[in-house]
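Below is one structure, written out as structure tokens, with a few remarks after it.
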Amino acid sequence: MDYLGFAAEHLQGLKDEGRYRVFNALKRQVGAFPEVVWHGDGKSMPVTVWCSNDYLNMGHHPAVIEAMDAALHTHGAGAGGTRNISGTNILHEELEAEVASLHQKEAALIFTSGYVANEAALCTLAARLPDCVIFSDSKNHASMIEGMRLSRAERVIFKHNDLADLEEKLAAYPKERAKIVAFESVYSMDGDISDIGATCDLAHKYGALTYLDEVHAVGLYGPHGGGVAERDKVLDKVDIVEGTFAKAFGVQGGYVATSPVFVDFIRSFASGFIFTTSMSPVLTAGALASVRHLKQDDALRQRHQERAATLKARLRAANIPVMDNPSHIVPVMVYDAALCQEASNMLLHDHGIYVQAINYPTVPKGMERLRFTPTPHHTDAHMDHLVKSLITVWEKLSPPRLPVEQAA
């Protein structure tokens, strides 16, 4: 078999469809965000980042940097092993206690990423609960889907945020059968938000555990940054909360917060936890400092929400097809993979604006978009430049202006 030829053919297919992913090398500069330096094609230039998941720029916060620097010189660079074999640092336990408190749970467990947390926790629970069936929202993240797939448990997909469809599917199974309802709070591509309380009530009515992914909400919602469940005062209804340190908290790593028994169960049986080197003390210290800071800084969250709402209003006023939603995510619809990539390239090279094209499989084919994530550090001047640049790009490319409601 021509192995290289096979790979090359499939890569060419991605390029022909406009879905080939190009990595943009950026030099982030402490204190300058959202301004960075882009490097490519043997040259460099300043650009403004509009698609970072470091939603609050905590990755550059002095408290986080100071904590990481202190940890480096106190504990060293690496953890030294897996959690079971010399790799549990006192900082790991402090961070787990802080996260448990954030979500009003008794215990928590940290992982090397949010992806690993979802994959390991869902796989372990679904594989080991007897005859378990998972009810999964149709727009759940790839990490959740992979965890379910690896568990080999039966999986039932319910329509996105559709409680009537979920109840119909739950009712088709015996109440005594093991069940998990897995869903997200803020969905990262459309920016819509689930009704957490009602979903949990429904799940519990039919004897199911609730597993809530809050990765795009922790640090951003609720009076202490505990996510949408904290904001809506329904944390007590959620059995297992999953989150990340890589977005609003600005560092790296993931976690689950739940009961001590479930934490012990996952840490004792999850291969993705047992057989991997634990988070470095440097990253752990940074995440700990960020969580502690954001528990107190509600003003930063309010500024973030204001910036997102302002950008949406300005895009609508400019007749740019922005999808309406109640969150901080700002999707601008293009509906075509090649045009989406071309728009991204033009914004970067002609206007010094970096926003990544979002194509299949991240979103369905025909629903391609530019996904903007304004932060508290994006000024009115940044928005002026962005809106003017988008108007210019739209005039040159003439992407379809389908009703944005079709994207919901």
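Observations
- Subset of the range 55-69 (residues that are out of contact with any helix residue (DSSP H, G or I) (no Cβ under 7 Å at 6 or more places or on another chain) and in a helix (DSSP H, G or I)): 59, 60, 62, 65, 66, 69
- Scan of the range 274-321 for residues that are under 28 Å from residue 62 (Cβ atoms) and in a loop (DSSP other than H, G, I, E, B), ordered by number: 278, 279, 280, 297
- Of the criteria (1) modelled with pLDDT of 95 or more; (2) out of contact with any helix residue (DSSP H, G or I) (no Cβ under 6 Å at 6 or more places or on another chain), which one residue 175 fails: (1)
- Residue ID - farthest from the chain's Cα centre (by Cα), chosen from residues in the range 340-366 that are within 27 Å of residue 42 (Cβ to Cβ) and among the hydrophobic types (A, V, I, L, M, F, W, C): 346
- Checking residue 19 against (1) in contact with a His (Cβ under 9 Å, 6 or more places away or on another chain); (2) within 21 Å of residue 341 (Cα to Cα); (3) not aliphatic (A, V, I, L, M), the condition it does not meet: (1)
- Test: residue in the range 134-141 that is of a type in the set (A, V, I, L, M, F, W, C), in a helix (DSSP H, G or I) and at pLDDT 95 or above: no
Per-residue answers, yes or no, for (1) open to solvent by 20 Å² or more (accessible area, probe 1.4 Å); (2) within 19 Å of residue 104 (Cα to Cα); (3) touching a residue at least 60 places away in the same chain (Cβ under 8 Å); (4) in a strand (DSSP E or B):
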site	(1), (2), (3), (4)
166	no, no, no, no
175	yes, no, no, no
207	yes, no, no, no
216	no, yes, yes, no
230	no, yes, yes, no
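- Any pair with Cβ under 9 angstrom, 6 or more apart, that starts in the range 353-375 at a residue that is under 26 Å from residue 33 (Cβ atoms) and touching a residue at least 60 places away in the same chain (Cβ under 8 Å) and ends at one that is aromatic (Phe, Trp, Tyr) and assigned to a strand (DSSP E or B): 354/38; 355/372
- None of 53, 57, 84 is among the polar types (S, T, N, Q) and open to solvent by less than 30 Å² (accessible area, probe 1.4 Å) except 57.
- Looking only at residues of the range 374-394 that are under 25 Å from the mean Cα position of the chain (by Cα) and of a type in the set (S, T, N, Q), we find that the one that is farthest from residue 60 (Cα to Cα) is 379.
- Residue count, the range 265-299 (criterion: free of Cβ contacts under 8 Å to residues at least 40 places away in the same chain and over 23 Å from the mean Cα position of the chain (by Cα)): 1
- Filtered residues of the range 27-37 (kept if open to solvent by less than 80 Å² (accessible area, probe 1.4 Å) and outside any loop (DSSP other than H, G, I, E, B)): 35, 36, 37
- Scanning the range 288-336 for residues that are in contact with a Gly (Cβ under 7 Å, 6 or more places away or on another chain) and either surrounded by fewer than 22 Cβ atoms within 10 Å (Cβ to Cβ) or of a type in the set (Ser, Thr, Tyr) (or both) yields 290, 295, 325, 327, 335.
- Subset of the range 337-352 (residues that are crowded, with 18+ Cβ neighbours inside 10 Å and without any contact (Cβ under 8 Å) to a residue 40 or more places away in the chain): 344
- Single residue of 18, 40, 5, 13 found to be farther than 26 Å from residue 215 by Cα, open to solvent by less than 50 Å² (accessible area, probe 1.4 Å) and touching a Cys at 6+ places or on another chain (Cβ under 8 Å): 18
The values are calculated or read from the model by the stated rules, or taken from the named source; none is laboratory data. Since the structure is predicted, the reported quantities are computational estimates derived from the model, not experimental observations. Neighbour counts are summed over all protein chains in view; Cβ atoms, including those assigned to glycine, are modelled from backbone coordinates with ideal geometry. Side chains are part of the model used for accessible areas, which takes the heavy atoms of the whole protein and leaves out ligands, DNA and RNA. Shrake-Rupley method; radii C 1.70, N 1.55, O 1.52, S 1.80 Å.
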